[in-house]
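Read the figures in this text as sums done on the coordinates, not as results from a lab. Worth saying up front: this structure is predicted, and the values here are computed from it rather than measured. Reconstructed Cβ throughout: ideal geometry from the backbone, glycine too, with neighbour counts over all protein chains shown.
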Amino acid sequence: LGRVVATRKRLRDAYRMLGEALEVAIQRDDNGVQSSIHMTIGDLRNADGNLVGAVASYSTALQRLSVDDADPLILAEAAVKLALALAHGNDAAAAHDALLRAQELSEEANAPSLEASCLAGQVALRERQGDLAGAQACLHMAWEVAARAGDAEAATHHAEALGNYPQIPGARAPVGAA
């Protein structure tokens, strides 16, 4: 119900309902539901521009998932969301480490679209550090992974983004890149 209210842009009600659901999940010691609620709260905070709150929520979700034998795909999704939120923050080292760990979990979960998201996060991080060659290499890898996974929308997005980079000698642009 909290998710439905959030889609209707009634964030205060959404947070209240999610908080109530979290209380019930804590009473029942249900780590799976707790992590799902924290992920939803993280998504709301992230959409609202509250990166610190989003990082805290995604971190808590990841902790809850680590308690039980969580589904590798759900664990990877939580790690990717945390890493991408960190990548938009100010701690480049923490973001880099989180992106690498999330990429490993994505590979283990056989989730190429999550893996491509990690690579795209590396692109943003490297661009902010002034490493355009590294950013372009990560973007090319993200394109390859998305294309292999059959994610046409992501592959097209990455190919178009590659067209914005200067041609680096020896770099190979993918077919379809501008």
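Of the complete DSSP H runs in the chain, those spanning 18 angstrom or more by Cα along the long axis with a mean Kyte-Doolittle score not below -0.5 are 11-27, 31-47, 51-67, 72-87, 92-108, 112-128, 132-149. Ellipticity at 222 nm from helices only: DSSP H runs of n ≥ 4 in the chain, each -39500 (n - 2.57), divided by the residue count, give -25000 deg cm²/dmol.
The simple spin-label model puts a point 7 Å past each Cα toward its Cβ; for residue 152 and residue 71 those points are separated by 2.6 nm.
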